[in-house]
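Below you'll find the structure, written out as structure tokens, and then a few comments.
Only the coordinates and a few stated rules stand behind these numbers; no lab work does. Bear in mind the structure is a predicted one, so any value in this text is a computation, not a measurement. So basically every Cβ, Gly included, is an ideal-geometry build from the backbone, and we count neighbours across all protein chains shown.
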Amino acid sequence: MKLDSVLNKFALVSIVLLLAGCGGGDEFADLREFMREVERKPVPPIQPLPEFEPYQPFTYGAANLRSPFEPPIVLPPPTEQQIANRGVKPPKDHVKQYLERFNLATLSMVGTLQQDNSTWALVEDGTGGVHRVQVGDFMGTNYGQIESINGTRIDITEIVGDGQGGWLRRPRSIELRGLSN
């Protein structure tokens with residue numbers, strides 16, 4: 001029993017000393033004082049949000065111009081072929097023929113006819129109609145003129161733009177349907 005009372009007294013003294021050690025000095029007094037000082041100052045009014053102007057879309061108008069970060073394109077002097085093509089132009093007083101409203105890719109040769117000493121080609125347009133044509137007739141959207149007709153194909157010369165403001169001749173042919181497949 002005596003030992004128990006000594007241990008109880010020792011525990012009580014230890015707790016008192018421990019609590020006294022924790023509550024000793026006020027080491028955060030300066031922080032508490034600063035916080036009280038800040039709280040005593042008047043609160044400034046909150047500034048209103050700035051007025052935002054509505055978005056105005058911008059259309060970039062120089063997309064088709066040369067980039068200022070690239071050197072200018074220097075065109076080479078014209079070649080002999082370009083010089084030879086300078087006289088090539090589409091016919092001015094040309095009356096359009098029916099097959100000139102179709103692209104050559106939609107036209108197909110379906111046969112030939114011999115009448116007297118003339119050879120005619122039978123051409124199917126894109127809509128299913130069949131038309132007879134002879135050398136000198138025009139067909140296609142690029143002033144394609146028939147140069148020759150034989151049993152298996154029609155040779156045509158088109159007049160197309162060269163991309164530099166001039167014109168050039170381009171040979172094309174339409175083969176007999178069944179041979180080109």
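What list of ³J(HN,Hα) values in whole Hz, one per residue of segment 40-50 in order, does the Karplus curve 6.51 cos²θ - 1.76 cosθ + 1.60 (θ = phi - 60°) give from phi, with Gly and Pro shown as x?
Here the 3J(HN,Hα) series is 6, 5, x, 7, x, x, 6, 5, x, 5, x Hz.
Most mobile of 142, 150, 64 per a Gaussian network model of the chain (Cα springs, under 10 Å)?
64
Mind jotting down a quarter of the surface of the convex hull over the alpha carbons of the chain, in square nanometres, one decimal?
Numbers: hull surface 152.1 nm².
Convex hull of Cα atoms, orientation-averaged projection: 38.0 nm².
Within 10 Å of each residue's Cβ, count the other Cβ atoms and sort 69, 138 from fewest upward. Don't skip to the end; give the middle numbers.
Numbers: 69 5, 138 20.
Listing 69, 138 from fewest to most nearby Cβ atoms yields 69, 138.
Going by amide H atoms built from the backbone, whose H comes under 5 Å of the H on residue 137, apart from near neighbours?
Distant-sequence amide H within range of residue 137: 146.
I want to verify a result. In a Gaussian network model of the chain, Cα cutoff 10 Å, which of these has the top mean-square fluctuation: 115, 134, 47?
Looking only at 115, 134, 47, the largest GNM fluctuation is found for 47.
Note down the magnitude of the dipole of the chain about its Cα centre, charges +1 on Lys and Arg C-beta and -1 on Asp and Glu C-beta and zero elsewhere, to the nearest 20 debye.
Computed charge dipole of the chain: roughly 240 debye.
HN-Hα J couplings of segment 124-136 from phi, Karplus 6.51/-1.76/1.60, θ = phi - 60°, integer Hz, Gly and Pro as x?
9, 7, x, 9, x, x, 10, 10, 9, 9, 9, 4, x
Counting only residues 5 or more places away or on other chains, whose amide H sits under 5 Å from the amide H of residue 173 once H atoms are built in the peptide plane?
156
P(r) for segment 88-175, please, calculated from all Cα pair distances in 5 Å bins and given in %.
Calculated over all Cα pairs of segment 88-175, the distribution is 3, 15, 26, 25, 16, 10, 4, 1, 0 percent.
In a shell of Cβ-Cβ distance under 9 Å around residue 138, excluding residue 138 itself, what net charge do Lys and Arg (+1) and Asp and Glu (-1) give? Display every interim value, and only then the final one.
Details: positive: 96; negative: 100, 137.
So the surrounding residues net to -1.
So for 73, 159, 15, 154, fewest C-beta neighbours within 10 Å to most, what's the order? Walk me through the numbers before you get to the answer.
On the way: 73 6, 159 17, 15 10, 154 26.
The fewest-first ordering by Cβ neighbours comes to 73, 15, 159, 154.
Within 15 Å, Cβ to Cβ, of residue 155, how many net charges do the neighbouring residues add up to if Lys/Arg are +1 and Asp/Glu are -1? List each step's numbers first, then the result.
Numbers: positive: 153, 169, 170, 172; negative: 137, 147, 158, 175.
That works out to 0.
Can you tell me the orientation of helix 2-22 relative to the chain, as the angle in degrees between its alpha-carbon axis and the longest Cα principal axis, to the nearest 10?
Approximately 60 degrees, to the nearest ten.
If you count the DSSP beta bridges with both ends in the chain, what percent of them are antiparallel, to the nearest 5?
Details: 26 of 27 bridges.
Bridges in the chain that DSSP calls antiparallel: roughly 95 percent.
Where does each of 172, 32, 177 land when they are ranked from fewest to most other beta-carbon atoms within 10 angstrom? Intermediate results must be reported in sequence, preceding the final value.
Working: 172 17, 32 10, 177 14.
The order, fewest Cβ neighbours first, is 32, 177, 172.
Taking the chain as a Gaussian network, where each spring joins two C-alpha atoms under 10 Å apart, which residue of 90, 57, 171 fluctuates the most?
Largest GNM mean-square fluctuation: 57.
In the chain, with Lys and Arg counted as +1 and Asp and Glu as -1 at Cβ, which of these residues, 113, 149, 67, has the Cα nearest the positive end of the dipole, that is, farthest along it?
Farthest towards the positive end: 113.
Mind checking which of 88, 102, 126 is farthest towards the positive end of segment 88-175's charge dipole, using Cβ charges of +1 (Lys, Arg) and -1 (Asp, Glu) about the Cα centre?
Going by the Cα projections, it comes out as 88.
Return the calculated 222 nm mean residue ellipticity for the chain, to the nearest 500 deg cm²/dmol, obtained by summing -39500 (n - 2.57) across DSSP H runs with n ≥ 4 and dividing by the residue count. Before the final figure, lay out each step's value.
Details: 3 runs with 38 residues, N = 181.
Result for the chain: -6500 deg cm²/dmol, rounded to the nearest 500.
By how many nm would the segment from residue 122 to residue 29 lengthen if fully extended, with 0.36 nm per residue of separation less the alpha-carbon distance? Don't skip to the answer; put the middle values down first.
On the way: separation 93, 0.36 × 93 = 33.48 nm, distance 10.98 nm.
Full extension of this stretch gives 22.5 nm more.
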